[in-house]
Amino acid sequence: MSASVKSPAVRALLPGDVSPETSAPTLTADIDASCRAPVLFFFVSGLAWLLIGTIFALISAYKMHSPDFLGNCEWLTFGRVRPAHLTTVVYGFAMETSIAVLIWLMCRLCRTPLIAPGIITIANFFWNLGLTVGVVGILAGDSTGIEWLEMPKYSTPILFISYALIAVWAIITFRLRAEKHLYVSQWYLLAAVLWFPWLYGTAQVMLLLSPVRGVVQAGVNWWFAHNVLGLWFTPVGLAAIYYFIPKVIGRPIHSYYLSVLGFWTLALFYNWNGFHHLVGGPLPAWMITVSIVASIMMLIPVTAVAINHHFTMVGHFGKMRYSPTLRFIVFGAMSYTVASVQGSLSALRSVSEVTHFTHHTIAHAHVGMYAFFTMVMFGSMYYILPRVTQREWPSARLISLHFWGSALGIILYVVPLSYGGILQGQALNDASIPFLKVVALTLPYLKIRTFAGVILALGHVAFAVNIVWMLVRVFGPYRKPLQMIISGSEQPAAVGK
Amino acid sequence: MSAVPPSSKNPNPVALTQGDRGESHDVIQVHAAVLREKPDPKEGFEPLSLWLVAAIAGLLFWGGSYLTQYSGRFEKDEFEEAPHGKSVATSGPEDPVTAQKRKGQVLYNICANCHNDDGAGKPGVAPPLAGSDWVNADGANRIIRIVLLGFTGGPLKINATTEFNVAGAAMPPHADVIGNDENIAAVVTYIRTAWGNTGAPVKADEVKTIRAAVVGRTDPWTPDEILKIPTSGSGAPAAASGTNELSADQLKDKLKALPADQLAKILKELGTK
Amino acid sequence: MNYGPLLFLGILLTLASSWFGLVLMPNKQLGNLDVHTDTNTLAVYPQARNGEAQQGEEHYRSLGCIYCHSQQVRTEGYGSDIARGWGRRRSVSRDYIYNKTVMLGTMRTGPDLTNIGERQPDYGWQYKHLYNPQITSAGSVMPPYAFLFETVKIGAHGPNTNALVLPPEFSVEKGYEVVPSIKARQLVEYLRSLKSSVDVPEAEIKKEEAK
């Protein structure tokens, strides 16, 4: 079996803070091998949820401009299939891939092979079970009516079991780490693991189990929903970017001080943002103002992180040609900056007056969750999967199709829809324009969005085919790694003939 | 350990006793991905740029001042962050009728749900307002009353030719929705002057008078009742409690509208009294 | 930053700050809001919904109406909510104390519904609009909710009083009528209960000066 940290052989190789280069790749390979089952389970089920979520997305998008589509089916009415889409992509694909990435990064950075893989596998089973129960519940009409928390009460305990197992595992691994130095990614991952149960628990108690009275519900709702983005998905995404950019190009991160600044200002400011979803709403002015200030303050960590990533990458952008991982990660990192600036500006009262309640908000949500987070997850999967399966990606063409499908698809989605949303908001603010005319002017942008969704779906299908192909090994014996095929170079001796 | 002969598909066979089909047992091949990895990331130690620190300080200053200015003293009753005097700005005094029409156009959005943006109405839902003799009549008495109290629906004739039946969908009263006399006058003015309509604008005083005339009544108008109400002025036949007192003018109109033989019958009856 | 416990403490305190400021403090300030009684008329606002309307609120939640409709009126001059007739005053916290699930909504693909009970209380219009929005609002992107209605044979006693009066291009075959199911009736009762044009201390309806 794989060598554990406690084995004398491994200990001899790792005195103190020595990095694995001197210990040979054995430990790294052991870590990857130990992660194999749990990480694969989470990645593959995450991929399945991505495909399901994409189908729900296409149905919802089409219904928005052609409402009679599947109009007679109560289970697929827009008000149910749209939250089903959100739930499957957020709590299915995004959550599960982030758990897989978290597991793998934790093990790699702690230099510890994965302990008790059975726990994670059980967690995965419970997560998928809870999610299936939840999504079917939403389609059946048991949605809670609370955005980002639509899964019915009866599915929550199942998910809670799963998450508790993962959180406990993560903290134990962290305690048992062999590598004393804490790399920046580990700060973000530890923070995410501790923050999420607090958020989720508060939301469950104060909104579902013992609901608070009146608009306090709206407050808790958006404190929770925004913090899922800012205190779970953003840290996991940033942890991945902080790891993969320097790893793939072989250069250090630009500035440790910027990393520290970025982490603590994110931790301090991000969690106060929630009420910017309620600008103009029925809440006392001070609550809204506080969130607006925090949203603008977010420019500090976003700038710090952007400078850090950019100056690490500068001079090495050419490497994106050879590394699919780098392509997706850099796209995601740049989108993080775009999404955050768009978000900070949207929080200002004068901007919110136009963009609130419009499709601009939806476009912004997709810049954050797709152009940033999902692309970073895709990039992570392109790096991690070959290492935990010890196989190579079968098809460079499918990778290309995936990248261009996702990149072009998301740009075609967010740019026209953001613009359409602004036009919609301006028209709404002119009371002399009848409401149905406002609806009519948004239709072209909604149709473009559906078309963009089809392109995204093509990318996802290409990705799924590639993964299944890799796992099933239909193509035969060992092949040259894609990196070499693409770059045309040959590594001597390291690769057997 | 059985050897596998080479074939055209697999020119370099390896021993296949364990592992997946085609999986290599060459350690270096298996760990190729790990071998070509670069070392794990490290941090560099570039110092923070002073420009960044200055920008952060500026942002903190802005945040602090915004927070103190717009917090409504952290009271739970303060919903406005600051007195927000955003009025529909006009340069210079505006012609009151134009202002009234503009206001009426905005209020008309409420009516447009049923009567359509272009006043064409919707079959089975609401009668047309554009080009309707009801709207273009010399006075807005009927229209104002309908707006105030609603209309039960039923067959009525528009322009003496078009039959419109709104069975099963009443027009609800709109007194509260549209608001005070100025608002009602504004929306009725808009209806009477838009889409090529030839009616005259309506003043708030008229609405006030009519409101006073119908005070106490909450039922919507029936077709019979509304047809009895004259289009001009602000009067109405007396309450529908049985008395049929008509003014001289109203009596004349009524008699003129009767078919000839009925008129003859009445005159004969009056003659015999 | 290699010291685990310090990192843990920082992580804890940063989230604790907003948990205190945005969850506990609002609950303290707004969690016990009560009704307002008008000193002149002794009318109480807001009023609790009747049973049918409460059931309707559940259908509103279950069908996901919030994904297109908001229920909050912004202040005068900010946006055009009041100018559009969506309310006579802005919404305040007190308006929502009797909502089981507060569904403020964040999208206006369809109009705001805070005061739809004042704007459109007519049963006929509401049923037609739910059955097929194209009947009353041509060009709308609202989906049809025909599954909330039943097409039944007209009985021996004649048409049902609740039957929808449909224009020719939407009507059903002769001898049949479209009747709202109990879900549709409850949903419309809920929509009719959505009214908030009452003066409250936090926000009064602007009284226009008489000319």
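Work out the charge dipole of the range B:96-268 with +1 on the Cβ of Lys and Arg and -1 on the Cβ of Asp and Glu about the Cα centre, then indicate which of B:PRO127, B:GLN250, B:CYS111 is farthest towards its positive end.
Positive-end residue among those listed: B:GLN250.
Which length gain, in nm to one decimal place, applies between C:GLU169 and C:LYS100 when the Cα-Cα distance is subtracted from 0.36 nm times their residue separation? Write down the numbers at each step before the final one.
Details: separation 69, 0.36 × 69 = 24.84 nm, distance 3.93 nm.
Difference between extended and current length: 20.9 nm.
Quick one: compute the contact order of chain A, relative version, from alpha carbon pairs under 8 angstrom and 6+ residues apart, as a percent. The partial results should precede the final answer.
Working: 685 pairs, mean separation 69.7, N = 497.
Across chain A, relative contact order equals 14 percent.
Hey, with R₀ at 25 Å, roughly what FRET efficiency would A:TYR419 and A:VAL314 work out to, going by the Cβ-Cβ distance, to 0.05?
Values: r = 31 Å, r/R0 = 1.23.
The computed FRET efficiency comes out at 0.25.
Dipole of the protein assembly as shown, Cα-centred, from +1 at each Lys and Arg C-beta and -1 at each Asp and Glu C-beta, to the nearest 20 debye?
So the magnitude is around 2000 debye.
Along the range A:45-53, what does the Karplus equation 6.51 cos²θ - 1.76 cosθ + 1.60 (θ = phi - 60°) give for ³J(HN,Hα), rounded to whole Hz, x for Gly and Pro?
5, x, 5, 4, 5, 4, 5, 5, x
Roughly how many nanometres apart are two label points built 7 Å out from the Cα toward the Cβ at B:THR198 and A:LEU176?
9.4
Within 10 Å of each residue's Cβ, count the other Cβ atoms and sort C:TYR3, A:TYR382, B:TYR70 from fewest upward.
Details: C:TYR3 9, A:TYR382 25, B:TYR70 19.
So the residues, fewest neighbours to most, are C:TYR3, B:TYR70, A:TYR382.
Apply 1/(1 + (r/R0)^6) to the Cβ-Cβ distance of B:ASP133 and A:ILE411, taking R0 = 60 Å, and write down the FRET efficiency to the nearest 0.05. Intermediate results must be reported in sequence, preceding the final value.
On the way: r = 57 Å, r/R0 = 0.94.
Step by step, r from the Cβ atoms, then E = 0.60.
What is the packing order of peptides B:33-42, A:387-396, taking the mean over residues of other C-beta atoms within 10 Å and listing the highest first?
Details: B:33-42: 17.0, A:387-396: 19.7.
Going by the mean number of other Cβ atoms within 10 Å, highest first, we get A:387-396, B:33-42.
Once both labels are modelled 7 Å past Cα along the beta-carbon direction, what's the A:PHE125-C:PHE8 spacing in nm?
Simple spin-label model gives 3.0 nm for this pair.
Each label point is 7 Å from the Cα along the Cα-to-Cβ direction; what then is the distance between the points at B:ASN165 and B:PHE61, in nm?
It works out to 7.6 nm between the two label points.
Note down the relative contact order for the range B:96-268 as a percent, whole number, built from C-alpha pairs under 8 angstrom at least six residues apart. Numbers along the way, then the final one.
Values: 258 pairs, mean separation 42.1, N = 173.
Computed over the range B:96-268, the figure is 24 percent.
Output ³J(HN,Hα) for the range A:211-223: one whole-Hz value per residue in order, computed from phi by the Karplus curve 6.51 cos²θ - 1.76 cosθ + 1.60 with θ = phi - 60°, and x for Gly and Pro.
x, 6, 8, x, 5, 4, 4, 4, x, 4, 3, 7, 4
Could you please rank C:ASP81, C:ASP34, A:ASP142, placing first whichever residue has the fewest other Cβ atoms within 10 Å of its Cβ? Kindly include the intermediate steps, with their values, before the conclusion.
Details: C:ASP81 28, C:ASP34 9, A:ASP142 20.
Placing the least packed residue first, the sequence is C:ASP34, A:ASP142, C:ASP81.
For chain A, give the magnitude of the charge dipole about the Cα centre (Cβ charges: +1 Lys/Arg, -1 Asp/Glu; no others), in debye to the nearest 20. Numbers along the way, then the final one.
Numbers: 29 positive and 15 negative charges, 205 e Å.
Charge dipole of chain A: 980 debye, to the nearest 20.
What FRET efficiency, computed as 1/(1 + (r/R0)^6) with R0 = 22 Å and r the Cβ-Cβ distance, is obtained for A:VAL468 and A:ARG321, rounded to the nearest 0.05? Please report the intermediate quantities before stating the final value.
Numbers: r = 26 Å, r/R0 = 1.18.
For R0 = 22 Å, the calculated efficiency reads 0.25.
Tell me, how many Å apart are the Cα centres for the range A:418-475 and for the range A:296-327?
Each part's Cα centre sits 27 Å from the other's.
Per residue of A:74-80, how many C-beta atoms from partner chains lie within 10 Å of its own C-beta, taken as a mean? Write down the numbers at each step before the final one.
On the way: counts 7, 1, 1, 8, 9, 12, 4.
Mean number of neighbouring Cβ atoms from other chains: 6.
How many lysine pairs in chain C, separated by 8 or more positions in sequence or lying on different chains, have Cα atoms less than 28 Å apart?
Here the count comes out as 15.
At a threshold of 8 angstrom on Cα-Cα distance, excluding pairs fewer than six apart, so keeping six or more, what relative contact order does the range C:48-103 reach in percent? If you can, show how the numbers build up before the last one.
Values: 35 pairs, mean separation 16.2, N = 56.
Value for the range C:48-103: 29 percent.
Toward the positive end of the charge dipole of chain A, about the Cα centre and with charges on Cβ (Lys, Arg +1; Asp, Glu -1), which of A:LEU423, A:SER350, A:ILE384 goes farthest?
A:ILE384
About the Cα centre of chain C, how large is the charge dipole given +1 on each Lys and Arg Cβ and -1 on each Asp and Glu Cβ? Please answer in debye to the nearest 20. Walk me through the intermediate numbers first.
Working: 22 positive and 21 negative charges, 37 e Å.
Dipole magnitude for chain C comes out near 180 debye.
Going toward the positive end of the dipole of the protein assembly as shown, with +1 on Lys and Arg Cβ and -1 on Asp and Glu Cβ, which of A:GLY230, C:ALA146, A:VAL220 do you reach last?
The residue sitting most towards the positive pole is A:GLY230.
Within 10 Å of each residue's Cβ, count the other Cβ atoms and sort A:ASP30, B:ASP133 from fewest upward. Don't skip to the end; give the middle numbers.
Details: A:ASP30 22, B:ASP133 13.
Arranged by neighbour count, lowest to highest, A:ASP30, B:ASP133 become B:ASP133, A:ASP30.
Apply the Karplus curve 6.51 cos²θ - 1.76 cosθ + 1.60, θ = phi - 60°, to the phi angles in the range C:62-67 and return the couplings in whole Hz, x for Gly and Pro.
5, 7, x, 5, 5, 6
Tally Lys and Arg at +1 and Asp and Glu at -1 over the other residues with C-beta under 14 Å from the C-beta of A:VAL212: what net charge comes out? Don't jump to the answer; show the numbers that get you there.
Numbers: positive: A:ARG213, C:LYS28, C:LYS100; negative: none.
The answer is +3.
Every number in this text was worked out from the coordinates using simple rules, so none of it is lab data. Worth saying up front: this structure is predicted, and the values here are computed from it rather than measured. Neighbour counts run over all protein chains shown; Cβ positions are idealised from the backbone, glycine included.
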